[in-house]
Each structure stands twice: as structure tokens, then as C-alpha cells.
Amino acid sequence: MTHSSLDPAAARDARPESFPHAATGALANHQVRANIRHATTSIRRKRAGVVAEVPDWELLRAAGAAIKDETLASLDAVLIELEASIQAAGGTVHWARDAAEANEIVVGLVRAEGAEEVVKVKSLATDEIRLNEALEGAGIRPIETDLAELIVQLAGERPSHLLVPAIHKNRVEIRDLFRERLGRPDLSDDPTELAEAARLHLREAFLRARVAISGANFAAADTGTICVVESEGNGRMCTTLPDVLITVMGIEKAIPRFRDLEVFLQLLPRSSTGERMNPYTSLWTGVCEGDGPHAFHLVLLDAGRTRVLADPAGRPALRCIRCSACINVCPVYRQTGGHAYHSPYAGPIGAILAPQLLGEEGAVASLPFASSLCGACYDVCPVLIDIPSILVHERGKAVARERSGIEGRSLKVLGKAFATRAGYERAQRLGRKLQRPLARDGWIAHFPPGPLGAWGRSRDLPALPAQTFREWWESRDEPA
Amino acid sequence: MTSPREAILARVRASLADTPSAVAVSRTYRLRGERDRAGVIELFVERVRAYEATVVVADDPGAAVASALEAAGARRVGIAPDLDRRLRPPGVELIEDQGLDSRDLDGLDGAVTTCASACAETGTIAIDGGPGQGRRALSLVPDLHVCVVRAEAIVETVPELIAALEPSAREGRPIVLVSGPSATSDIELTRVEGVHGPRRLVVIVAT
Ligand code: SF4
């Protein structure tokens, strides 16, 4: 079986819907909800345990937030220093204003090597820019090497969680997928056996790989050191064995000093997988004669980050270290899963970051409303991002945009109609007539197609009663 | 036409135009631990064990390496050319890595290396390509990794570990932090030992 026979694009290109719409579908999928509830419950317990044993956790959070704020406040200088350090260590730095530019750079580098396939270690940045589709379009086969990414790729789906992209699938579903797509009808649903199947499947790809693509968790400007945090060893394989390594990194991942890792390597593993330390952390600085790739390329990606930076209220979202703790505690995510968010960034952080990064139009525009503002995300965030406040801020921006849309215009008309008592009563009588085909059991059950329907479907609307209080009052027999 | 680099830097500067100068970072968190040597070693052993790695405290690390390899049934074992003679057990076929290719490494039963430093609180060993450690692929591709840690190289906290590694980073040497054997939590968030990295990790603390 070859990867080229897969068609992940088919399942992915389903037309994106707004969050409320997509969530309705997700809520109906009981298996997905059960899988997610099970997984997030265990990870929350683990996280709480390893966080409680760190006596200076709050001081680390404050330091993590401060280092990120410091970086963002002088991001231009930090990026220039990072570039110089990497060049001095024998690496090459590329800059990409948007997804298209980044994809073009990566495709060009792979082509220059004459490689027909690349091994990839999980990277949200490359998910965000849809690099795999660009590679496939150029006849290059991307091989995802993270177990969860592999599962998602084999199933032709999209990731549903920052850290555990296949969180929506349970072991039986994964067994069935591997039986079919890896040609291993003998497999049981024992996770150890499933992991072993992935090991065998990918080993050959690692051994022959000439080009690898990774993301980055951190990049220290003073030394030019890139840091990738992982569990399985596929990250080590990708960053060590191939001849050429290409790393795609959002510009906000830079940190000023190597020393700052002393904070983030405490905050990140405990917040994300609930471990004292993740199994493997790779740190490399340019290229090293006799050890690892002989060429290293860093692609620095803007793709909306400077737009986030320009909004002081939304800016703290760029502190995010993608630990996914906020996702695991989010009551909305736990009910809907990640696919309803329609972006690689799910959950609370996705709700504030995706509309800012991926633009305010289309499906992601509804994300800031996908929250009950309970604040659980803020409590666990290792870099103190006040997600609820940013959500409210983003809602404000979305509402301001809508004012000029159908809702805003309609409200203006209603405002005029309701200005006098006679106008108000006329409007009620008219409304009663108009709602007849739409109402059922006292609720508006059907919505007309078009923008009005889109507005209404996300709301529970009681129908106008047959008689209003005023009408009843007027028609009473008793004298007033 | 402006280059993407100039365009991005210009956007960054424009975005920050109204921002007050950078906040200072206060490092009020613990910069070092408080345990004595014995306490640090004890904590390290406990924390590495928690990852399902095998941990041995030995005053004769050479003998401990020999028995670890024997217990694992490893016969052909990779080492760095500069590995200390005393850590090379007799009766095992030792293959010096003078640029073995990936497939050769894949054919080995295991690798024996030393490490640069280690962190007790997180049960982490750090490899930076120094004496006895070899290049990164050596301790990655074979399925068994036996790592000898000098007791005095163990620090208590993460800040102490990072401080110990900073000179290597400045020299441009690649570093790997290893905390237990390869694992994944990708199936139902249950940690399972062993995907692509060595599935068995033996840590020998040389006292
Ligand atoms: S917003 Fe905070 S909690 Fe959520 S993923 Fe980012 S760093 Fe983690």
C-alpha cells in the first residue's frame, strides 16, 4: 500500500460551516463525544497532579508570560538576532508573508533536493498553511510520522486537537483503520500493538528519508537554537536522519534567550501531556558537521501574526505555547470536539486565534461565540492568557462588523417601528401573520434560507403568542 | 519591491508603534534545588523509574553495562569511538560508530553511551555529543539505549540543567533531552511505551 493511494483532500474539502452549525452535527455523534470526554478527563487529572507538585508554578507562569510579552514587544529585534545566529551556525533563514509564500519556499527547497517524498513531524504551522496539499499538488508525498497525525492522514480526516489530533478516535476505530490501511488484519486493539504497527510502518520511511519538515516549539535568538518537544521519537528521527531539514515556524515562537527554556521546559510538558518532562526534546543550532542534516532551513511565517500583534487587546494570544491545557478543560470543546472549530486551532485558544490568524470572514468568524466564558481556560493557561477577556473583545469586533450587515440594518428598522405604541402593535400583528409558516409548538421551527435563516438558526426563538398581554388586557370583561 | 523579510519587519514595527518598551522578566522562580547530593541522586532514580525505564546505581558502571546488555540479550552494540574503555564490556560485539549509515544502526541490538548532564526533578538525561556520547543517531535508531550517568553530573532542577547545557548550544552542538523511553499518548491519551525511539532505556548511575 502506498500513501499516494490516499486521498485526504476529499474528506477535507467539505464546505466549512459556522461553529453552531458544525457543533450541531458533532453533538449528534455520541462516539466522538464519549472518546473526547474519556481522553480529556484523564489528561486533566494528570496535569493537575504534576502541576501541584511544583512549588513555584505561579512564578513560572508569570515569568513565561513576561518572557513572551518581552519578545513580542521587541519582536523585530528578536527575529533579526535569531536570523543572524542561525546564519552564523550554518543555517538558512527564509521569510514568508503568508501561507502561499511559505508553501512555495518549502516546495522549492524539496524540489531542489530532487526528493519525491518528505517525512513530517507534527506541526500546527504546517497544518495551518495546508502545506501537505501544496506538496501533493507539486507531486511530493508528505509522510506524517506522528502516530496521531498518521491516523488522521490514513483516515483522510483533519486533526481535532492541538496535541492529540486523533483524540476523537478510540482504540477500536484505530485498529480497524490500521487493519484496512496498513494491511494488518491480525492487529488487536491493544495500544502497544497499534504503536508497534506504526513503528514498523514508518521505520523504512525514516531510514530512506532525504528531506524532513518540522515545526518548532521555541527558537532561541541568542544562540539560534531550535527546540522541538515530542514523545515518540519521530521528531528525533526527522531532525537527525535526513540530509536536509526544513522547519516552518510562526514568528511568535522566537524567544530571546536559550536560558528562557528553563521556564518553558517546565511549563509546557506539565501543561500539555501532564508529564514532568516529555520523553524527547531536540535542540539544534544550525548544522553540525558529522551529526545530523547537512543543510538546515528555517521558514519564518507571518500569515496573520502581525495583524494579531497590532491589536493590543488581542496580542496576548501570541504568547500561546500550544500546550492544549485550555482545550482539555473547556466544557464547550468537551461536548463538540475539535472538528466543529474548522481550523487546526481548536478549543478556547482556537476561538481567539483562528479568527485573528485565518481572517474574520467565513466559518471561523463565529468562533469567539463558542464559549460560555466560564474562565477554566485562563486558570490553566501556563502563560496567563486571559482567554475570556479576549473572547469578549473578539465578539465586540465581530458584532461591530455585523452592525453593517443584515442584523444591524434590520434592528434599525425595528427601532423605528417600535418607537411608538401604535407602531409596536402594528408590528406584532404583522409578525404573527408572517411567522405562521415558520412556527411550531410555540417556537420558530423553520427558518427561511438566506441571511435571516442563518441568524435565526443559532438562536432559540419563541414564536409570538396568539394574543399579547396588551391585547388580553384590552379584551378583558372587567372594567379597567 | 520590498522583500518578504523587509515587509514582515515593517509590519512588526508598525504593529508595535504604540507599545511601551519591553517588560522586564523577573526570575523569582527556583533557580536551584535544596537537596544534598544523596537526595538529588535518590530523586533522580525515583523520577527516571516513574517513566518505566530501568535504573541501576552502581559503583562499577562497566559491570552494570555488561549485565544490562546481557539481560536485554543484546549482542551487537554500537558505541562512540571515544567511549571510555572501562564501559566496554567483554564478550559483546562492540561496533564503533565511524559514520555508520542509518540502516547499519537499525541492525544493531542497542547502543551504550554516556551523557552530558541530568536533571533529577524531571528524570531527564541530556546528550550533547560530548565524550562517549556519539552523534544523535547512535542513541536513537537502535531499540535499546544504555546510558551511563556520572552521579556528579546530576543537577536537581530544570534551570540548573539548562545552565549546564548552554555552553554546548553556544558551540552549535545539538542536544537531546531524554526522559524515559519512547512513548505515545496518542491513543486515548494513554501513555504507551515505545514508538520510534528506543523502547528500552537503561540508566546506570555511576557513583
Ligand atoms: S492558550 Fe494557554 S492553555 Fe491554551 S494552548 Fe495556549 S498556552 Fe496552552
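The values are calculated or read from the model by the stated rules, or taken from the named source; none is laboratory data. As the structure is a computational prediction, the values presented were derived from the model and not from experiment. FYI the Cβ positions are ideal-geometry reconstructions off the backbone, even for glycines, and counts take in every protein chain you see.
The residue that is nearest to A:LEU82 (Cα to Cα), among those in region B:162-197 that are more than 7 Å from chain A (Cβ to nearest Cβ) and touching a Ser or Thr at 6+ places or on another chain (Cβ under 6 Å), is B:ALA164. Would you be able to say whether some residue in region B:116-130 is touching a Ser or Thr at 6+ places or on another chain (Cβ under 9 Å), facing chain A (nearest Cβ under 8 Å), more than 21 Å from B:VAL45 (Cβ to Cβ) and at pLDDT 95 or above? Among the residues of region B:116-130, at least one is touching a Ser or Thr at 6+ places or on another chain (Cβ under 9 Å), facing chain A (nearest Cβ under 8 Å), more than 21 Å from B:VAL45 (Cβ to Cβ) and at pLDDT 95 or above, which makes the answer yes.
Among residues of region A:134-146 that are more than 18 Å from A:ALA100 (Cα to Cα), those with a Cβ under 6 angstrom from a residue that is among the aliphatic types (A, V, I, L, M) and at pLDDT 95 or above, sequence gap 6+ or separate chain, pair up as A:ILE143/A:VAL119; A:THR145/A:VAL119. Per the conditions (1) more than 13 Å from chain B (Cβ to nearest Cβ); (2) within 22 Å of A:GLY350 (Cα to Cα); (3) in a helix (DSSP H, G or I), the sole criterion not satisfied by A:ALA134 is (2).
Take the residues in region A:348-372 that are at pLDDT below 80 and either near the ligand (Cβ under 9 Å from one of its atoms) or among the hydrophobic types (A, V, I, L, M, F, W, C) (or both), then tell me which one is nearest to A:THR126 (Cα to Cα). Among those residues, the one meeting the criterion is A:LEU358.
For region A:320-335, the count of residues that are outside the structural domain of A:LEU267 (by TED's automatic domain parsing), at pLDDT below 70 and away from the ligand (no atom under 12 Å from the Cβ) is zero. Give A:TYR345, A:TYR341 a once-over and let me know the one that is at pLDDT 70 or above, within 10 Å of the chain's Cα centre (by Cα) and not assigned by TED's automatic domain parsing to the domain that holds A:ALA254. Residue meeting the stated conditions: A:TYR345.
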